[in-house]
Structures are given as C-alpha cells and as structure tokens.
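No lab work stands behind these numbers, since they all come straight from the coordinates. Computed from a prediction, not measured in an experiment: that's the story for all the values here. Here Cβ is always computed from backbone atoms with ideal geometry, including for glycine, and neighbour counts include all displayed protein chains.
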Amino acid sequence: MALSEGSPIWIPEQRPPRDSALDRFIDYMRISHGIVFADYPELWRYSVTQLEAFWDLCWRYFGIVGDRPPMLSGANVPIPKNVRHLVLTSHEMPGFRFFPDSRINFAENAFRSFQGEATIAAVSETRQGTRIISASQLWNEVSRIAYGLRQIGVSKGDRVVGYLPNIEEALIAFLAAASIGAVWSCCAPDFGTNSVVDRFSQIEPKVLFTIDGYIYSGKKQDRKNVVEEVVAAIPSLKTVILIDYTGGAGGISITSKLRQDWAEFGSEGKPLSFERVEFSEPLWILYSSGTTGLPKPIVHSHGGITMELIKEMSFQLDLGPGSRFFWFTTTGWMMWNFLIGGLLVGSDIVLFDGSPGYPDLYRLWKLAEQLRITAFGTSAPYIANCMKTKIELKDLELSRLRLLGSTGAPLSLDCFEWLHDQLGPRVQIVSASGGTDVCTAFLASSPISITYAGKLSARALGAAIESYSPEGKARYGEVGELVVTEPMPSMPVYLWGDADGTLLGSSYFDLFPGVWSHGDWIRIDPDGSSVIFGRSDSTLNRDGIRMGTAEFYRVIEAFDEVSDSLVIDTSALGSEGEIIAFLVMKPNKKLDEELIARIKAKIREELSPRHVPNKWFAIPQVPRTLNGKKVEVPVRRMLLGEPLERVASTGAISNPESLEWIASFMNSPAAEAGG
C-alpha cells in the first residue's frame, strides 16, 4: 500500500521496556525537580521558552567537564533571575553569549565519555581492511600529535588545518589541535587548489596536515601537485605534516624547513593535557558553499558545539555507550563534524573514506552489516539512487540497525516508502535538516515521537524553529520562511575577518531583524512535525502558490528515464518569468516530446498546472557544490543575464563545466518551448 504524507511509519514502544536517554532525562526532571512533561512537544516548548534553565540543566545532567562560576552550582530549576546572565547574556541576536564566565575544552569532553570500550572503526578504499582504534590507542596518538604541535610552537588560537580524507589521522589531528586550544579547519582532498586556498588563506593557518593522494572508485587520485600549490600559496604556513597515504609522500616537493612526517611527528608517551578556554573561544572553522564569492569562514565555539552535539547525540539520536554511529560524509561537509560528536556521549563512530557506489551501491549497507552499525546516516540522493537501482536490503543482516538518517536534501515520500519496505517498521527513518551555519540538525527526530512519512518528525530541543510569513508572523500549516527566534549555542560566534559583525548580520538577520533566517521554506504543522520545500531564494511562486524545488525533483526524478534534474524560475523583481527544467538523462534515454508530455502531466497532477515548466533541456550534469548540493541560485542569476564569472566561484563547484553547458544550451533551440 502506497504511503501518503503523514502516514505513521515508526511508533516508539511503550515505557517500559523503552528506556531512551530522553526518557531518563524526563524522569530526572520529574524526580529531581518536580517538573512533568506529558509528551515531547511539551518538553520542546520548555527548552525554547526556558533557555537558561534548559542549557544549564544540560551542563549538569550530562556532567560536562569545565569550569563554571560558583553561583551556578545551585540546584534550583529554573535558575534564579540574578544568575541567568551567567548562562545566557541576552536573547538579542546577534550579540548574545552563552556561559560567558565558563571555561571548557571539546577534546576533554570527548575523552571523558570513554569507558574503556569506545572505539573508532576506520574503513577506506586506500587501506586494506578495517582498522579498530581503541580509546586508549586514540588517547596515545592524540597525546603524541598534541605534544608535537606544542613543540613547534602551536598554542591557543593558532589555526591548524587539514587537507585530509575521512580517516583516523584527521580525527587525531583535530583532537590534538583542540586539546591545546588551537583552531581546526579542514578541506576534503577532492577540493582543487583554488578551493583550498580560497578557504585556508583567509584564516592564515600555521600548520597543515595533508595526504599525498587517495583511492576513489578503485582509481588513484594523486594530490601531490595540489599540496605543493597550496603550500606555495599560503605563506603563513610554518609546518606541513605529511601522511603517506598512498606511498607517494616522498615525491612532494616541500622544503625541509617546512616538512615533517606523520609517523615521526611528536613523541610517544607524553601526557595529554587540555587547555580549557572561554566558552565562546573558536573550536573550528567551517565554510559556506562559496557559490557567489569567497566562502564565508564560519566560526563555531568549543562550548557551543560541545553543548549542542551532546544534546543532539543523546536526546535526538539516542546514542551512548554501546551504540555505533556512522554517517557517510567527507571532511569537507559539516556532517563529519557532526559524526565525531558521537564521541561526546561515548558512542563508537565509523569513519569511511571511499565511494559509496564502489564496487556497487551495496557498499555502505554491507558496511552497516559487517560493523553492526546501530545508527546509519547518509544523504537523500544516495537513498534515491539505491531505490532507483532497486537494490535489495532484506537479505542483509541489519538486526542491530535501529535508526536510518538522511540529510543534504529533503527525503522524498517515495524514498520513505522504499526504506520502510526494505528495513521494516523496527528502524526509525529520520529525515533531518540543519546546516553548516549551526553545525547541527535543528529539525530531526525524537526517540519518543511518532515518525511520519514525508516529514521531519520534530523540532530539536533548544531550537526555536518557526515558519514566518513575509510580515514576520509565526504560522502553522502554511509554507513560510524557516527562522530561529531564540539563540542557539552552536550559532556562529562570528565570521572570520568580519571584525564589526556586518557580514554576520547581513547573512542571517537582515530579513527579519533580531531573528535568524536560514534560507529555507518550511511548513510546520500543529504537532511540530514539518516539511522542507527547498531554498527560499530558489522557490517557485505562481499566483501566490509557492513550490519548493524539492517538490519538482521528487516528481521529475521519479521517472525511470531521468537520473537528475534542476528547476529554475527566472522571475525577478515582481515580474513573472519562465520555469526552466534541466534534465540529466539515463544512458540511452532521450528527452523527447512524449517524455516531456508525461512529466508535464505528472506535475499538473501532483503540484499545480501553474508550475509546469516552460522550457526543457537535456544536459550532461547538474551543477553541484563541493558538498553535493544543487546549484540553483547562481544558475538563476546567470539565466537572468549576469555573466558566469560573477554568479559563481568555479572553485566552489564540483563540476564547473556544467555551468558552461547550461549557458551554451540556453543559446540553442530548446527541446520544447511551449507551456
């Protein structure tokens, strides 16, 4: 039976036997503080209306390690008004600070949760077999690298960067840098020279960790030239630490003054210590996609990330000791940072470096089987490819799998249905949404809430998410602008180089002053579940009816002949333009009048007659950012007449030639120009 939007596909078991981390927190609140929550929505409302009490409780409940003012040692809930400023200075955005007089270190809190059993499982195409790194081994390696960093003069606030795949060395280097208060940033090795330099040159790093190359889809990718070019272009670098990942590090031409080798760096047996820093001191720097200029360096803090990810891992994903957490990601996507948050709650984590489709699309699912993964995350496009390829998961031994996470794009109803059929009702299917800007998912799951097909089941605790009308009013059951109305700990403390905060303000707070605008269209229903409709600046609007691009992709890409698509509305400044559909066809398939007619009929049926595209083009590839997201807004600007060189930085596009294809095809006859 076909599912419809809102069909319940996962229902939490009753208590007992259910005993999630969130249930235990609710018990704690009732027993210790006499506060009773009837359901998840009640707890959510408490978490966003009593911010100071909620985040103070999280610090105490999770036993976060750090230094806090003695005035916060009391057990009163909610905390007295005269000490609330010690948790949150104000509710004004931007300008707020959480725990302004407290000190903390992310790495110290990551290690505090290990109970002798936590492990890292690392898998890659480049290295044979699975490497299991125990908590003690991780401690020893982080100690060695941290000592080496101190020896070469790295201290609090210095930037340490990585040009690294998702391997154990990346995790070790990050934890070592964090332990001494240095600021971490990383690019995945599929980034080209310009993309790396555009990012790292802005933050003037002192140290670079890098590999010589890697293997992807069975083919060696040599990165020696890129490494040499990056080092030459960033004069602030004082040390380059080479990891001989494919056996070619010896061929990298770097002066002996700069060069050190990973295997010989640091010293064994040195004690690991942690530099506790102010709560809002920088932990790492992530980057916006950079499609319309230099990528914005987004600075997140030790305290904000520690608090947010502990809450997210425990309360939303129900991870802890005994769980094994995996998310398919590269180090260039915020999901890598999210993944390593599993360490904060004592969960095992799985690192994977390679192609998810090599040798076939079963690769990640077999990884879940072999490593007995309990929480498995990936992207919506990967799930869609698995569905279209009609792979079968029922024969795999996935009995430990209890949660399947998806992000990066809205998960279609068809994908919900396919996953539900393949994995059964026991596995919770979690469509999550957040972003690099906050390094978390603020629309996620709850282990005590029903999951509905085609929807995001809950607003995350502590995330005051609303759907705003153009007039800035919250509304339910209608599509509006996704906003955050109250501060979150993991919001950027600043953008690097933005001394007066002008760029931070214009990036997030211009549309609704004092309210964070995230740039997505969302509908929030009365029960708190929601649907994301795509980027708000690429949404199609006809006669007041708004359609997110995600809705078009769900319809168009359901056709067997189509492998990918891009839909652009050229309307601007109140004038209604054309809707243009770009389709990537499967091998031996053509975009002809018969197929166009069938797709148009389906769009009329499922979306609206007003939203049938005016023009159709077959293109070789859809342009995507380095993080795999479809490039919509720059293409729209290009179609409105702006030159290619002004609308996008090609270094931020994984396939920049695709933009040139679109530009050239726009000057050729369309497959059909009728509506």
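Figures for the structure shown
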| read-out | value |
| --- | --- |
| Sum of side-chain charges, G454 neighbourhood, beta-carbon under 13 Å (Lys, Arg +1; Asp, Glu -1) | -3 |
| In order through the range 338-349: 3J(HN,Hα) via Karplus (6.51 cos²θ - 1.76 cosθ + 1.60), integer Hz, x for Gly, Pro | 5, 4, 6, x, x, 5, 5, 10, x, 7, 5, 10 |
| Where Rh is the Kirkwood radius over Cα pairs, Rg/Rh for the range 8-101 | 1.02 |
| Extension gain, I31 back to S273 (0.36 nm per residue minus Cα-Cα distance, nm) | 83.4 nm |
| T502 versus D395: modelled label distance in nm, points set 7 Å from Cα along the beta carbon direction | 6.3 |
| Surface/4 estimate of mean projected area, convex hull on alpha-carbon atoms of the range 106-524, nm² | 19.6 |
| Whole-number D in µm² s⁻¹ for the range 595-660, Kirkwood Cα-pair radius fed into Stokes-Einstein, 37 °C, 0.692 mPa s | 242 |
| Built amide H within the under 5 Å cut-off of Y494, gap 5+ | V299 |
| Calculated over the range 540-665: convex hull of Cα atoms, volume per residue (Å³) | 106 |
| Amide proton proximity set for Q428, modelled H, under 5 Å, gap of 5+ | L403, L404 |
| Residues of the range 170-209 with amide N under 14 Å of the 7 Å Cα→Cβ point at R131 | 170-174 |
| Residue list for the range 49-72, given a label point 7 angstrom along the Cα-to-Cβ vector of H85 and an amide N cut-off under 19 Å | 51-53, 56, 68-72 |
| Reduced Cα scattering model of the range 84-206, Debye log10 I(q)/I(0), q = 0.18, 0.21, 0.23 Å⁻¹ | -1.09, -1.20, -1.26 |
| Estimated translational D of the range 398-448 in µm²/s (Stokes, Kirkwood radius over Cα pairs; 10 °C; 1.306 mPa s) | 134 |
| 3J(HN,Hα) from dihedral phi, the range 579-584, Karplus parametrisation 6.51/-1.76/1.60, rounded to Hz, x for glycine, proline | 9, 10, 10, 10, 10, 9 |
| The range 41-146: C-alpha pair distances exceeding 20 Å, % | 56 |
| Pairwise label distance in nanometres, E660 with N614, each label 7 Å out on the Cα-Cβ vector | 2.8 |
| Order of V226, V631, V65 - criterion: other Cβ atoms within 10 Å of each residue's Cβ, fewest first | V65, V226, V631 |
| Burial order of peptide ranges 638-647, 121-130, 156-165 (average beta-carbon count within 10 Å, highest first) | 156-165, 121-130, 638-647 |
| Cβ-derived FRET efficiency at R0 22 Å, D190 paired with A233, nearest 0.05 | 0.75 |
| Fewest-first ranking of I145, I310, using other Cβ atoms within 10 Å as the exposure measure | I310, I145 |
| Against the rule of thumb 2.2 N^0.38 Å, how large the Cα Rg of the range 156-213 comes out | 1.06 |
| Long-range amide H partners of G213 with built H, under 5 Å | R223, Y245, T246 |
| A601/S155 FRET efficiency (R0 60 Å; Cβ-Cβ; nearest 0.05) | 0.40 |
| Pair S571, N76: separation of 7 Å Cα→Cβ label points (nm) | 5.4 |
| Length-normalised contact order for the range 106-524 - Cα pairs under 8 Å, 6+ apart - percent | 15 |
